[in-house]
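J.: Just passing along the structure, written as structure tokens.
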Amino acid sequence: MTGWRKETTAGIGFASVLDKSRCGALLAATLMTALMTNAASAAGDNPYPHAEEPIGTVEQVYNGALMPDLAVNTFRNIDRLFPTRTIAHGDKVSPLPQAAEPLKEIKFKEGEKNYDLYDYVALNGITGLLVLKDGKVALELYQRGNTEKTRWMSMSVAKSITSTLIGAAIKDGHIGSLSDPVVKYVPRLAGTAYDGVSVRDILMMSSGVKWNETYTDPASDRRQLLKAQISQKPGAALDVMAALPRAAEPGMVNTYSTGETQVAGEIVRGAVGKPVAEYLSEKIWSKAGMEADANWWLDSPDGGEIGGSGISATLRDYGRFGQFFLEGGVIDGQSILPDGWVAEAGSPKTLKDGKPLDYGYMWWPAWTEASKADGAFSAIGIFGQHIYINPAKKVVIVTFGAQSKPTSAAPIDDMVFFDAVSAAAK
């Protein structure tokens, strides 16, 4: 379990974008127009409660140099950091009724130490926590000024959502199969190291394309992808991916790569012929009864979505997404995903040489014995973001986190806490 602790998510204030990347006057005007549009929207009939808060910069995020209050402000205002596209919700809101027996006491042990709910929330920097049992709210709490209207950053939870859209595109017939070559849907990558890589290889992060995820290294591939996003130049992110060399044969080596998810997003966009956020709205967000619009970062004004991060949504709507996945990707009797997709996406895989891979299709299989026995898995993002799904106990747990460092391990293993919650949710 080292890969997700290393991954990173980009964010930068507009002023910093303009200063650091030395954009031209036209790009500057475009970015400022987007910022003013966001502000005008926030001042409308349903103002966003956190719209006026001061926020930090990408340098502070990556350096782990945000004081707690500023970190919270930044993490619930990421749609002020880059241009975004709206993930529109529908007219019908799916109710989340209260459970007949709400969770009252959660106690557990990790190693030789005893903990409870209060320890977990305090030590792991939790700012939002939702527990659904059988689709009903067993526990819901907000901290640090968050409310049910707060949109919180996804970090790499977005990776799992992007991979789900690949499943939807297969169900719709836009993607033939996981064996299809990447270049069929992303012609820009023809003749690059991604030529010969399959859609399945991308979902398993086993393309064999060389990648350095170390965000603290200015020369790393992750930092180059960040620079491309900061430039807000159309196609710049994909240019980074196209320039990478090959390190292994496809399907033989797993390398955790945020860039791989950028390719996954491009696969969706190329296959369905529309923006990824629009497809997410069409297939899931508007049908699963989400109560609020969400937002997704773009690589340039009116450009493509950042496949590995940049979604901001409410706690309950992340919970509804988890419930949708728990229920097999079925909404009102209609299958949005291929048969068996959920179990396949959330379970450990095997590389082509037979070596086991403790990774699914951009979902993390459980690592504690209790959750492994239940076939549980999670979408995970740095700073403490989770959507945990336990099929056996019909439990979904969502956390918003504001931990101090992007690479720090949480004081309490989240999966141990999730085990305790799943056991207590009767």
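The values are calculated or read from the model by the stated rules, or taken from the named source; none is laboratory data. Everything quoted here is computed from the prediction, not taken from an experiment. As a convention, Cβ positions derive from the backbone with ideal geometry for all residues, glycine included, and neighbour counts pool all protein chains shown.
J.: Please state which of the following conditions residue 424 fails to meet, knowing it meets all the rest: (1) of a type outside the set (Val, Ile, Thr); (2) touching a residue at least 24 places away in the same chain (Cβ under 8 Å); (3) loosely packed, with under 14 Cβ neighbours inside 10 Å.
T.: (3)
J.: Could you go through the range 199-220 and let me know if any residue there is among the β-branched types (Val, Ile, Thr), under 18 Å from residue 310 (Cβ atoms) and surrounded by 15 or more Cβ atoms within 10 Å (Cβ to Cβ).
T.: no
J.: Of the residues 328, 322, only one is crowded, with 23+ Cβ neighbours inside 10 Å and at pLDDT 95 or above; which?
T.: 322
J.: Could you tell me whether residue 425 is among the aliphatic types (A, V, I, L, M), touching a Leu at 6+ places or on another chain (Cβ under 8 Å) and closer than 24 Å to residue 140 by Cα?
T.: Considered against the rule, which asks whether it is among the aliphatic types (A, V, I, L, M), touching a Leu at 6+ places or on another chain (Cβ under 8 Å) and closer than 24 Å to residue 140 by Cα, residue 425 comes out as yes.
Listed here are the residues, each with its yes/no results for (1) within 19 Å of the chain's Cα centre (by Cα); (2) surrounded by 18 or more Cβ atoms within 10 Å (Cβ to Cβ); (3) without any contact (Cβ under 8 Å) to a residue 40 or more places away in the chain.
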{"residue": "245", "(1), (2), (3)": "no, no, no"}
{"residue": "259", "(1), (2), (3)": "yes, yes, no"}
{"residue": "262", "(1), (2), (3)": "yes, yes, no"}
{"residue": "272", "(1), (2), (3)": "no, yes, no"}
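J.: When the range 221-243 is examined, which residues are found to be surrounded by 19 or more Cβ atoms within 10 Å (Cβ to Cβ) and of a type in the set (Asp, Glu)?
T.: Answer for the range 221-243, where residues must be surrounded by 19 or more Cβ atoms within 10 Å (Cβ to Cβ) and of a type in the set (Asp, Glu): just 221.
J.: Can you pull out the residues in the range 293-338 that are of a type in the set (Gly, Ala, Ser), under 17 Å from the mean Cα position of the chain (by Cα) and within 25 Å of residue 400 (Cβ to Cβ)?
T.: Selection gives 294, 307, 308, 309, 310, 312, 313, 319, 322.
J.: Taking residue 155 as meeting all but one of (1) within 17 Å of the chain's Cα centre (by Cα); (2) not in a loop (DSSP other than H, G, I, E, B), write down the number of the exception.
T.: Answer for residue 155: the failing condition is (2).
J.: Being under 21 Å from residue 164 (Cβ atoms), surrounded by fewer than 21 Cβ atoms within 10 Å (Cβ to Cβ) and not aromatic (Phe, Trp, Tyr) narrows it down to one residue among 409, 392; which is it?
T.: Unique residue meeting the criteria: 392.
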